[in-house]
C-alpha cells in the first residue's frame, strides 16, 4: 500500500480500487447536475454524446456537444483544484463564480511539451500537465534518458496526463464520480495521432501509409494501454485539440522545467 497524491491510501497494483462506481449525488459540485435533468419549457436540450462514436475515435469536437452560443472558454469551468466541463444544457453562468452549470465527474487535464535546441545533440525536453489551480499533482518535468525531442516531450506529457487521470480516479475526492476525462492540448501531432492515425497504424503492423515504421512506437503503445485501462474502469477518455492560447497553463509548466 502507498500514500495517494491526495492524502488517501490506495493499492500500488493496477487492480487496486480502480473500478466503476455508482454516481453519488451527494458529491456533486456547485451547480452540478446530470445530462438529463435540464429540460426547460420552450428550449431544446442538446442530445447526449454519441457514446459509440466517442469510443471509436476519442476526439472531442465542441460543435458536436455544445450549442453555438457556447464559446470555447465557456466550456471550461475551474472549481477548486480541478477544471470541469460545462453542462451543454446550462442556460446562463452563475453570477458569483462566472461558470456555467457543470459536472464534477467530467474533468479537463491539459498537457504540453517543450524542447530547447530541438533536433540537436544538446536538446533538453520537458513537459507540463495542468489539472487545476494549485492542484498538488500538476506536473513540470524534465525528461530523462537520451531521447529529447519535441515530439517525445508531447507524447510524454499526454501519457502523464492520463496517469494523473488514473490518480484522480483512485485517490482524489472525485474518485466516486469521475466518468469522463478530456485531455486538452494544442499538439496536433498527439491529438491527431491518437484520434485519426492510431487505428490505421495498427492495422498496417505499426507502419505509416508510406510503409515506414511509426516513430516513437513505444509511446503510442503506452498511450493506447492507458486509454484502455481508464475505460475499463468506466472512465471515457477524449482528446481536445485547442488553440495555443487556450493551453497556456500547461505550456508554462512545460517551460518551467527547461534549463535557464
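The table for this structure:
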| quantity | calculated |
| --- | --- |
| Normalised contact order of the stretch 61-256, rounded percent, pairs of Cα under 8 Å and 6 or more residues apart | 23 |
| Chain lengthening between residue 176 and residue 256 when straightened (0.36 nm per residue, less Cα-Cα) | 25.5 nm |
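All of the numbers you see were taken from the coordinates with simple rules; none came from a lab. Keep in mind it's a predicted model, so treat the numbers as computed, not measured.
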